[in-house]
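The values are calculated or read from the model by the stated rules, or taken from the named source; none is laboratory data. All values derive from a computational prediction rather than experimental measurement. All Cβ positions, even for glycine, are placed from backbone atoms using ideal geometry, and neighbour counts span all protein chains on display. When the accessible area is computed, the model is the full protein with side chains, heavy atoms only, and any ligands, DNA or RNA have been set aside. Shrake-Rupley method; radii C 1.70, N 1.55, O 1.52, S 1.80 Å.
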Amino acid sequence: MPGIESALGRRLVVLEPDVEGHPREWLRHLISFTATMGSGYIVWLVVAPEVCRDLTAELASQSTAQVRLLPLTETERKFCTHRWLAVSGFARWWTMRRYLRLVGADAGHFLSIDHVSLPLALGFRAAGRRLGGILFRPSVHYPELGCRRTRWREWLRDGRKALLYQLMLLNDAVRVVLTLDPYFPGYAAQRYINGAKVRAVPDPAHPPVNGTAADARLAGRPPDERMMFLLFGYLTERKGVLVLLQALRALPADVARKAAIVLAGKVEPAIRTEVQALCRCIATEQPDLWLHLEDRRLSTGELDALVRRADVVLAPYQRFVGSSGVLLWAARLGKPILTQEFGLLGRLVKDYQLGLAADCGDPNSLAAAIRSFVLNGAPAFINGPVAHDFANSRTPQRFAEMVFESLLQD
């Protein structure tokens, strides 16, 4: 890859304090990619202690000597994941500077640069070192995607983002800003000075998994004669698990007896009691519905087996901003997805015929969408060849390559 072979003696830092969500998978992609590249540089992954422990085993299985792992201290992790964005933003900027200096690196990458937009917009630099990262949640261009702002918080959010993006791109320490939203770079180039710094990076589809018989046990539980709907990942209110459970209460009896619903993933502690209560209500009100909640973190092999068994993948986000790996899991295995009509997810589903986009904030609308799948059959909602091409064009290799290219750009 141009730039990599000439990066002799370079040291690079990737910072990611978060534990849940995309980052853990992305870090694995970066580790795997380094095994295909030449020597002469070192990549330092600065991560949460528990992620560091998980990646140590991953690193041992890869034939690469270029990757080093550094766990954040508890104090660093505490402030870098603080619920106040201003606090977490300045903490991440300070932590990046510290580790750049500690390991003698000349470039740093934030896997979620959204958190650091405030200090970068204020002109904070890194003592002459290059900075970049992935902008995970741009939303200022959503009206041009056909998504109206309906709440004052959305107007305030996008006004703040527009100002921070413009100022951040003026910061000469920021060389490249990658984004998972393929519609945003064109918007940025037209609206912002230095908007050409923004480049699209593919949200990577998970590579094929070699599962075991044990991995398939959970996937084998739903009755074969039922249409299986799968919601997986970290189950939060934002991901729509509460609205989904309310929608299941509204299903007609003839639909309920033909459906199997699997919720697979660790439930957010703040909503666990409510989720359990709703599941009990559904067991009473919808005795013909097959519903299973698997409240734990699942292995990659188990997830792969579940998606293969599923007829429909659920992603009923609540006006969520950004991309989702769930979409790539579904497309790679040819499964239609039921997701929100708002934002990037809704636009991708419509443009690439990946499933059905609905008003997922309304339980009755979500119930009607589930009914449509049961009555019409899941294959009616997906264009298989287009979904296959969509997933194949978004490889982990290309994702990692673009991350390293951005780090090495002078």
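Could you please state how large a percent of the accessible area of segment 221-283 is carbon and sulfur, counting protein chains only and using a 1.4 Å probe?
With neighbouring chains kept in place, the figure for segment 221-283 is 48 percent.
State the extension gain, in nm to one decimal, for the chain segment bounded by Thr150 and Ala277, taking 0.36 nm per residue of separation less the distance between their alpha-carbons.
Here the answer is 42.6 nm.
Which value in nm describes the separation of the simple spin-label points at Asn376 and Glu20, placed 7 Å from the Cα toward the beta carbon?
My value for the distance between the label points is 3.3 nm.
Per the 1.4 Å probe, what fraction of the accessible area of segment 162-214, in percent, lies on carbon and sulfur atoms?
Taking all protein chains in place, segment 162-214 shows 59 percent carbon and sulfur surface.
Does a label point 7 Å from the Cα of Thr300, set along Cα-to-beta-carbon, have any residues of segment 326-343 with amide nitrogen under 16 Å, and which are they?
Under cut-off, by backbone N: 326, 328-330, 332-333.
Roughly how compact is segment 123-174, stated as its Cα Rg over 2.2 N^0.38 Å to two decimals?
1.40
What FRET efficiency do you get for Asp389 and Thr75 if R0 is 56 Å and r is their Cβ-Cβ distance, rounded to the nearest 0.05?
0.75
Near the amide H of Arg10, under 5 Å away, which other amide H atoms are found, from residues 5 or more places off or on another chain, if H is placed in the peptide plane?
Amide H neighbours of Arg10, under 5 Å, 5+ apart: Ile42.
Which value, in debye to the nearest 20, describes the size of the charge dipole of the chain about its Cα centre when Lys and Arg Cβ atoms bear +1, Asp and Glu Cβ atoms bear -1, and nothing else is charged?
Charge dipole of the chain: 940 debye, to the nearest 20.
Could you report the accessible area of Lys239 in Å², rounded to 10, computed with a 1.4 Å probe on the protein chains as they sit in the structure?
That residue has around 20 Å² of solvent-accessible surface.
With equal scatterers on the alpha carbons only and no solvent term, can you work out the Debye log10 of I(q)/I(0) for segment 251-320 at 0.17 1/Å?
-0.78
Evaluate 2.2 N^0.38 Å with N set to the residue count of segment 348-387, then give the Cα radius of gyration divided by it.
1.21
So what J values fall out for segment 342-351 if you push phi through Karplus, 6.51 cos²θ - 1.76 cosθ + 1.60 with θ = phi - 60°, rounded to Hz, Gly and Pro as x?
Along segment 342-351, the couplings run 7, x, 4, 4, x, 5, 5, 4, 6, 5 Hz.
With θ taken as phi - 60° and the coefficients 6.51, -1.76 and 1.60, list the Karplus ³J(HN,Hα) couplings across segment 198-211 in order, rounded to whole Hz; mark glycine and proline as x.
Those phi angles translate into 7, 9, 7, 10, x, 5, x, 6, 5, x, x, 10, 8, x Hz.
Can you give the angle from 0 to 90° between the axis of helix 85-103 and the longest principal axis of the chain, with both taken from C-alpha atoms, to the nearest 10?
The two axes meet at around 50 degrees.
Long-range amide H contacts for Gln409: which residues qualify at under 5 Å (H placed 1.01 Å from N, peptide plane, sequence gap of 5 or more or a different chain)?
Residues meeting the amide H criterion: none.
Per the Kirkwood formula on distinct C-alpha pairs, the Rh of segment 111-218 is how many angstrom?
15.5 Å
Using the heavy atoms of the protein chains and a 1.4 angstrom probe, tell me the accessible area per residue for segment 74-192 in square angstrom.
Accessible area per residue, segment 74-192: 46 Å².
Using only alpha carbon positions, build the gyration tensor of segment 298-410, then give the equivalent ellipsoid semi-axes as the square roots of 5 times its eigenvalues, largest first, whole angstrom.
Three semi-axes, in Å: 27, 17, 13.
In nanometres, what is the gap between the two model label sites at Thr284 and Asp254, each 7 Å from Cα along Cα-to-Cβ?
Rounded to a tenth, the inter-label distance reads 2.8 nm.
Quick one: with all protein chains in place, what share of the accessible area of segment 312-400 is carbon or sulfur, to the nearest percent (1.4 Å probe)?
47 percent
Could you give the angle, 0 to 90 degrees to the nearest 10, between helix 363-376's Cα long axis and the longest principal axis of the Cα atoms of the chain?
Taking the Cα atoms of the chain, the angle to 363-376 is about 70 degrees.
I'd like the Karplus ³J(HN,Hα) series for segment 110-122: coefficients 6.51, -1.76, 1.60, θ = phi - 60°, whole numbers in Hz, and an x wherever there's a Gly or Pro.
Rounded to whole hertz, the list is 9, 5, 10, 6, 3, 5, 9, 4, 5, x, 5, 5, 7.
Would you calculate the volume per residue, in Å³, of the smallest convex hull containing every Cα atom of the chain?
138 Å³
With everything on Cα atoms, drop me the angle between helix 272-285 and the longest principal axis of the chain, reported from 0 to 90° to the nearest 10.
Around 20 degrees separate the two axes.
Beyond 24 Å, how much of the Cα-Cα pair distribution for segment 28-144 remains, as a whole percent?
Result for the distance tail: 32 percent.
Given a cut-off of under 8 Å on Cα pairs at least six residues apart, what relative contact order in percent is computed for the chain?
Normalised by residue count, the contact order of the chain is 16 percent.
How much of the calculated P(r) for segment 156-293 lies past 24 Å, in percent of all Cα pairs?
55 percent
Hey, can you grab everything whose amide H is under 5 Å from the amide H of Ala260? Only 5+ residues off in sequence or another chain; H modelled, so Pro and N-termini drop out.
Close amide H contacts, sequence-distant or interchain: Met227, Met228, Phe229.
Label Ala127 and Arg238 with points 7 Å out from Cα along Cα→Cβ: what is the distance between them in nm?
The modelled label-to-label distance comes out at 3.3 nm.
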